[in-house]
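Notes for the one structure printed next.
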There are 2 protein chains.
Amino acid sequence: MTDSKIMFDSKSKAKDNKQSKQQANQQAKQQAKLPAKENFSEWYHELLMTAEVVDNRYPVKGMCVWFPFGYAIKKNVYAIIRQLLDPDHQETQFPLLIPENEFMKEAAHIKGFEEEVYWVTSGGTSPLDVKLALRPTSETAIYPMFKVWIRSHADLPLRIYQIVNTFRYETKHTRPLIRLREITSFKEAHTVHATWEDAAEQVEVAIARYSEFYRRLALPFLVSRRPSWDKFPGADYTTAIDVIMPDGRTLQVGTAHHLGSTFAKTYEITYEAENGEQKLVSQTCYGISERCIAALISVHGDETGLVLPWTVAPTQVVIVPILLGDKEKVVAVCRQIEKELCSAQMRVQLDTSDERPGAKFYKWEMKGVPIRLEVGPKDIEKGVVTLVRRDKVKKAVPMIELVSAINKEADELQTALYTKAGNFHESKVKEVASIEQAKAQTLVGVALVPWCGEIECGHNLEDQVEANMLGEPQYLNFPEAACAVCGKKSTGRTYMARQY
Amino acid sequence: MTDSKIMFDSKSKAKDNKQSKQQANQQAKQQAKLPAKENFSEWYHELLMTAEVVDNRYPVKGMCVWFPFGYAIKKNVYAIIRQLLDPDHQETQFPLLIPENEFMKEAAHIKGFEEEVYWVTSGGTSPLDVKLALRPTSETAIYPMFKVWIRSHADLPLRIYQIVNTFRYETKHTRPLIRLREITSFKEAHTVHATWEDAAEQVEVAIARYSEFYRRLALPFLVSRRPSWDKFPGADYTTAIDVIMPDGRTLQVGTAHHLGSTFAKTYEITYEAENGEQKLVSQTCYGISERCIAALISVHGDETGLVLPWTVAPTQVVIVPILLGDKEKVVAVCRQIEKELCSAQMRVQLDTSDERPGAKFYKWEMKGVPIRLEVGPKDIEKGVVTLVRRDKVKKAVPMIELVSAINKEADELQTALYTKAGNFHESKVKEVASIEQAKAQTLVGVALVPWCGEIECGHNLEDQVEANMLGEPQYLNFPEAACAVCGKKSTGRTYMARQY
């Protein structure tokens, strides 16, 4: 990873300014703090630009450019997803464009997407015979191929995934990484099974993999079964993962859908069972988009910049030489350390640029580097380096045990991040008993509301609380309580929140 | 890499057949040879399906599905490209959709692409205010951002690349991996420099990297400067890399363009020089698409299937147990070998499926696995394994030095592949003196034709030879000869060929 050469505060070019003045201005701006995190939206937008994650100035609404630094984060994040899926999923790639006739086959599915689909209607200067949809998701591209790929029970289960760009003509307010018109990195898995039960089990597997994924990003989350009116178009049911953002709103960062045989019927996907009978398959699909990076940045970041978990930081360790006294010796020691850490498979960078140490500290904090090493003549004399963690923990570490010390600090930092995020998460979820309480709680976080499970009560709740129902918490049991709407006793609960 | 579960010969489902009959048919088909390679087109199409590289049955012309196995090849091939670029290029990602006004700014560029552009004209059920082009290439998406990213000489050189899907509404006959309407993996690099000379040097760097890339794929190629009427729309000049396909036609598999300041003027990309002056930048761009995989498959493959270089084979070594005598012992030994090769960082697979050894040999040859190990009771008794290279070289190798023996054989196989491809390549290029000779030669391969360099003579050549001019060979010197058209003496030459 070489340092990005891209300037981040170049909204317009001051062509007539003297360079020295320009540099001074830029330095001042670089040293300026981000807005307070309480102003989440402002903080978030400025952080994405200043830390060079994505550039929101691309001239189409809802479409962003990945800066090289942001792209490096993305690569590391998606490498974890691949690592978790590859043991029993196969990566593939399907075309972006879906012919209108295939797209329009599944009625429930179209209904869910028709308002959001971009259509290609001409090639060159001539209109196309058949309009082509830009995939909002790929069921209708993939399942016609499953029809020809699958013949017998021996072909099942089939588990594939792809990481691709998808498109949604969002009419709501767009936000970088959160609500986009081009989702650049949609990981969508599609699986095919012999029975409904096998598919249901696969949904659990998907949630387990996603849980492990978010654990590695040190992100706590909620798992809930979406209410029937908010499930994926065409699905039997949808299980979703939500992260609580700094402003208390939730961000859906992963979903797993049991598709039953809905698409199998539409696309005629059958297999020959062992007894020779032709049967419809059962299917699932599950997805994660770059929203996982939005969550990562939002939950962990602070007013001095990104805070990246060790697992995904493009630079895990930065070495800053303190150039006093015998400068050559300092640089030589730094190079030796760089070499040693590289050999230990760490992503390390030695910053030998001309900036002052303070400016370097500022810059690498902004980039979220987990561990900074400061190496000056005094440190060298004592045989130590000064190690500063991104959470400000600072200590002198003997040079002879540097690698193991860094590994230890990296582990502790990861744990500290997770703990901090966990405390925040827990502080934002509150059990309530009434609609009034739910209304108050959803202004600041997530309400856990007693709900009998009736659809009418559910709609009623959403209307009166003026927040969304995330659905029933999964893997948790609750004592009986009175439904916040009808008062009927049940063990049912639903999360409610304002959603992104 | 687990073995693909996908059936490759399932054009239609025989729902009423008994399974045993189905299996027998399938086995017979599996054992059938590919068409002779002389019938290149037929051989190529059947190989892509049978070896499970891409599936051409997707219901939009010119768009293919990557089978998991083909996708694994692609991953390995593009990993080499990344490895070659990453030391001094930064990976990024720009949006797919380009607003019409940006796209239409550069006149020469539009002219080159307007017949091939797919247009998005509606979002949901409403027409868009501004039409959006699906990128055929990304100059017009990237350069408006360069305008805001670049301010001073300190920002230069800037070298970025992205690997993305691009679209061309091809009206010519489409072919999988060769002429596509969705190019799924276009690697496009874009660089920005202070001077025209720096950019010219970058073009050389690009060609050097591409040369190394093709060397690793064991593929010989031609490098030539495209004639002025065939350069990239908007470029000062274009240098191209062509591979000679089995039928003697050439496939353009890489191009590097010196863009001069054409786009810099259009998109107002300037920098402040050290003396404070505002100057236009100079630019280059260079690209490689999945055509590199088409070339790889076409040049190396044979009538029993793919022949994959060790560098990119998803499975480098397959172990086939010969289950006679003490079967458990044979499997145990195979597992031990598998473990050993895994530890040595080889991509290895042990085939313990129920098929007969002959069927396994057939299958893994089709998949182009470089090295097969056969392990039976007799081998174990003698302390050897039978090693069979994809080029049919077969030998017994002592078990105790297996890893080094495989590495040695892999190297030799790579050299053998390259030599074979080199011999083919050389046999297909012939120096000629006249138009008649050029015409005869371009029916079977590439003609090297004396050409004075005049545009009129060039057009004349193309018309009379009925083949394309690839352009002047680069890095080669020739003695004086008479131009095949006007007879004027010069040291100029051009390659001519029928192109894909």
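Would you kindly work out, in nm and rounded to one decimal, the distances from the label point of B:Ala396 to those of the same position in each other copy, ordered shortest first, with label points 7 Å along Cα-to-Cβ?
Copy-to-copy label distances for B:Ala396: 6.7 nm.
Going through the cross-link list B:Lys33/B:Lys408; A:Lys111/B:Lys172; B:Lys231/B:Lys428; B:Lys395/B:Lys428; B:Lys37/B:Lys339, which pairs have a Cα-Cα distance over 27 Å in this structure?
Going by Cα-Cα distance, B:Lys33/B:Lys408; A:Lys111/B:Lys172; B:Lys395/B:Lys428; B:Lys37/B:Lys339 fall outside the 27 Å limit.
What is the mean projected area of the alpha carbon convex hull for segment B:389-455, to one decimal in square nanometres?
7.0
About the Cα centre of segment B:429-497, how large is the charge dipole given +1 on each Lys and Arg Cβ and -1 on each Asp and Glu Cβ? Please answer in debye to the nearest 20.
The dipole magnitude comes to about 220 debye.
Mind checking the angle between helix B:402-427 and chain B's longest principal axis? C-alpha axes, 0 to 90 degrees, to the nearest 10.
It is inclined by approximately 50 degrees.
Report the rotationally averaged projected area of segment B:164-214 based on its alpha-carbon convex hull, in square nanometres.
4.9
What's the magnitude of the charge dipole for segment B:36-107 around its Cα centre, counting Lys and Arg as +1 and Asp and Glu as -1 at the beta-carbon? Answer in Debye, nearest 20.
180
If a/c stays under 1.5 just call it rounded; otherwise compare a/b with b/c (prolate if a/b is bigger, oblate if not). Do that for segment A:317-412, with a ≥ b ≥ c from the square roots of the Cα gyration tensor eigenvalues.
rounded
Looking only at Cα atoms, what is the convex hull volume of segment B:332-378 per residue, in Å³?
88
What angle do you read, to the nearest 10 degrees and between 0 and 90, between the alpha-carbon axis of helix B:19-31 and the longest principal axis of chain B?
Tilt of helix B:19-31: around 60 degrees.
How large is the translational diffusion coefficient of the protein assembly as shown in µm² per second when you combine the Kirkwood radius over alpha carbon pairs with Stokes-Einstein at 37 °C and 0.692 mPa s?
D = 105 µm²/s.
Report, for B:Asp198, each distance to the same residue's label point in the other copies, shortest first and in nm; define the point 7 Å along Cα→Cβ.
Relative to the other copies, B:Asp198 has label-point distances of 6.0 nm.
Give a residue-ordered list of calculated ³J(HN,Hα) values for segment A:120-127 (Karplus: 6.51 cos²θ - 1.76 cosθ + 1.60, θ = phi - 60°; whole Hz; x for Gly, Pro).
Rounded to whole hertz, the list is 8, 10, 9, x, x, 9, 10, x.
Under 14 Å Cα to Cα from B:Lys265, which aspartates and glutamates show up? Leave out anything in the same chain fewer than 8 places away.
Excluding near neighbours in sequence, the set is B:Glu102, B:Glu106, B:Glu139, B:Asp236.
Long-range amide H contacts for B:Ser152: which residues qualify at under 5 Å (H placed 1.01 Å from N, peptide plane, sequence gap of 5 or more or a different chain)?
Counting only residues 5 or more places away or on other chains, the set is B:Glu272.
A:Asp88 label point, 7 Å along Cα→Cβ, cut-off 13 Å on backbone N: hits in segment A:154-188?
Under cut-off, by backbone N: A:157-160.
How much of the pair distance distribution for chain A lies past 42 Å, counting alpha-carbon pairs only, in percent?
Within chain A, distances greater than 42 Å cover 28 percent of Cα pairs.
Provide the per-residue ³J(HN,Hα) series for segment A:244-252, in order, calculated from phi with Karplus coefficients 6.51, -1.76, 1.60 and θ = phi - 60°, each as a whole number of Hz, with x at glycine and proline positions.
Per residue, the Karplus-derived 3J(HN,Hα) values read 8, 7, x, 8, x, 7, 9, 10, 6 Hz.
Using the eigenvalues of the Cα gyration tensor, what equivalent ellipsoid semi-axes result for segment B:165-288 when each is taken as the square root of five times the eigenvalue, whole Å, largest first?
Over the Cα atoms of segment B:165-288, the ellipsoid semi-axes are 30, 17, 12 Å.
Nearest 20 debye, what's the magnitude of the dipole of the protein assembly as shown about its Cα centre given +1 on Lys and Arg Cβ and -1 on Asp and Glu Cβ?
I would put it at about 640 debye.
Answer with one residue from A:Ser152, B:Trp364, B:Val384: the one whose Cα lies farthest towards the positive end of the charge dipole of the protein assembly as shown, charges on Cβ with Lys, Arg +1 and Asp, Glu -1.
B:Val384
Measure nothing fancy, just the Cα-based angle from helix A:291-300's long axis to the longest principal axis of chain A, in degrees from 0 to 90, nearest 10.
50
Which of the three applies to segment A:78-195, rounded, prolate or oblate, going by the alpha-carbon gyration tensor with a ≥ b ≥ c and a/c under 1.5 meaning rounded?
Verdict is oblate for segment A:78-195.
By count of other Cβ within 10 Å, fewest leading, how are B:Lys392, A:Lys430, B:Lys360, B:Lys265 ordered?
Ranked by crowding around the Cβ, least crowded first: B:Lys392, B:Lys265, A:Lys430, B:Lys360.
May I ask you to list the trypsin sites (Lys or Arg not before Pro) in segment A:168-197 that are in a DSSP loop and have at most 16 other Cβ atoms within 10 Å of their Cβ?
A:Lys172
Pull up all non-local amide H partners of B:Gly368: gap of 5 or more, or a different chain, and H-to-H distance under 5 Å with H placed in the peptide plane.
Those lying under 5 Å, H to H, from B:Gly368 are B:Leu306.
Taking a label point 7 Å out from Cα toward Cβ, give me the nm distances from B:Glu456 to the same spot in the other copies, shortest first, one decimal.
9.1
On each of the three principal axes of the Cα atoms of segment B:429-497, give max minus min coordinate, whole Å, ordered largest first.
25, 24, 16
Find me the longest stretch of chain A that has none of the exposed GluC sites (Glu not before Pro), where exposed means in a DSSP loop (not H, G, I, E or B) with at most 11 other Cβ atoms within 10 Å.
Answer from the scan: A:39-273.
Of A:Lys111, A:Lys428, how do they rank once you tally other Cβ atoms within 10 Å and put the fewest first?
A:Lys111, A:Lys428
Just name one of A:Thr250, A:Thr266, A:Gly287: the one whose Cα is farthest towards the positive end of the charge dipole of segment A:239-289 (beta-carbon charges, Lys/Arg +1, Asp/Glu -1).
A:Thr250
Just want the ordering: B:Asp88, B:Asp198, from fewest to most Cβ atoms lying within 10 Å of their own Cβ.
Exposure proxy ranking, most exposed first: B:Asp88, B:Asp198.
Which far-off residues, 5 or more places away or on another chain, put their amide H under 5 Å from the one on B:Arg57, with H placed in the peptide plane?
For B:Arg57, whose amide H was placed from the backbone, the distant partners under 5 Å are B:Val65.
For the pair B:Glu426/B:Ala440, report the inter-label distance in nm, with labels modelled 7 Å from Cα in the Cβ direction.
Spacing of the two 7 Å Cα→Cβ label points: 2.3 nm.
Could you give me the ³J(HN,Hα) list for segment B:349-365, computed from phi with Karplus coefficients 6.51, -1.76, 1.60 and θ = phi - 60°, whole Hz, x at Gly and Pro?
Working through the residues one at a time gives 9, 9, 9, 9, 5, 7, 5, 6, x, x, 5, 5, 4, 4, 4, 6, 5 Hz.
With N set to the residue count of segment A:354-495, report its C-alpha Rg divided by 2.2 N^0.38 Å to two decimal places.
1.71
Across 10 Å bins from the origin, how do the percents of Cα pairs in segment A:72-299 run, short distances first?
Each 10 Å bin holds this share of Cα pairs: 8, 32, 37, 19, 5, 0.
All of the numbers you see were taken from the coordinates with simple rules; none came from a lab. As the structure is a prediction and not an experimental result, all values here were calculated from the model. Methodologically, a virtual Cβ is constructed for each residue, glycine included, from the backbone with ideal geometry; neighbour enumeration extends over all protein chains shown.
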